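Below is one structure, written out as structure tokens; comments come after it.
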Amino acid sequence: MAKNFVSQGQNLTLVAAAAVSSGDFVVKGDTFGVALTNAVIGEEFTLATGRVWDLPKDSALTGTEGDGVYHDGTALTLDADDGGDPVVPYLKVGVLAADAVDGNTSCKVRLNSSF
């Protein structure tokens, strides 16, 4: 194996910019995923990228498996569109892994592990 190999990148160690709880969906810069550990501001935590997760969504979000899922960079929930702003569009974080139902507050999402 090449001597400069670091890791497969499925889990990243990051420094928390805000308090993080295990299971939280976290966006830091252009990186996003699900926290595997708790952390306070300034403490390291492990972020899982890719894979399928049950994540909070806007209760009005509906869609069928395979539809794109977006994050606006500030809300704690996911949405079904890119926000409509061509200059600062929402970040596409993955696709629905199962149909999203109106009224539910979570959905199964296959996170993009790269962009």
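The values are calculated or read from the model by the stated rules, or taken from the named source; none is laboratory data. In this text the structure is predicted, and so the values were computed from the model without any measurement. Neighbour counts run over all protein chains shown; Cβ positions are idealised from the backbone, glycine included. SASA here: full protein model, heavy atoms, side chains in, ligands and nucleic acids out. Shrake-Rupley method; radii C 1.70, N 1.55, O 1.52, S 1.80 Å.
From the list 62, 13, 49, which one is in contact with a strand residue (DSSP E or B) (Cβ under 7 Å, 6 or more places away or on another chain), more than 23 Å from residue 90 (Cβ to Cβ) and not acidic (Asp, Glu)?
Numbers: 62 fails: more than 23 Å from residue 90 (Cβ to Cβ); 49 fails: more than 23 Å from residue 90 (Cβ to Cβ).
Criteria check complete, one pass: 13.
For residues that are assigned to a strand (DSSP E or B) and open to solvent by less than 50 Å² (accessible area, probe 1.4 Å), tally how many sit in the stretch 38-78.
Our first condition is that a residue be assigned to a strand (DSSP E or B); within the stretch 38-78, this holds for 39, 44-48, 52-57, 63, 68-71, 78.
The next check asks that each one be open to solvent by less than 50 Å² (accessible area, probe 1.4 Å); those that pass are 39, 45-48, 55, 57, 63, 68-71, 78.
So the count comes out to 13.
So which residues in the stretch 12-30 are open to solvent by 60 Å² or more (accessible area, probe 1.4 Å) and in contact with a Leu (Cβ under 7 Å, 6 or more places away or on another chain)?
Once the filter is applied, which keeps residues that are open to solvent by 60 Å² or more (accessible area, probe 1.4 Å) and in contact with a Leu (Cβ under 7 Å, 6 or more places away or on another chain), the stretch 12-30 yields 22, 28.
From the list 33, 9, which residue is part of a loop (DSSP other than H, G, I, E, B) and open to solvent by less than 60 Å² (accessible area, probe 1.4 Å)? Spell out the reasoning first.
Values: 33 fails: part of a loop (DSSP other than H, G, I, E, B).
Selected residue: 9, the only one of 33, 9 that is part of a loop (DSSP other than H, G, I, E, B) and open to solvent by less than 60 Å² (accessible area, probe 1.4 Å).
Could you grab me the full set of residues in the stretch 34-53 that are modelled with pLDDT under 95 and among the charged types (D, E, K, R)?
The answer is 51, and nothing else.
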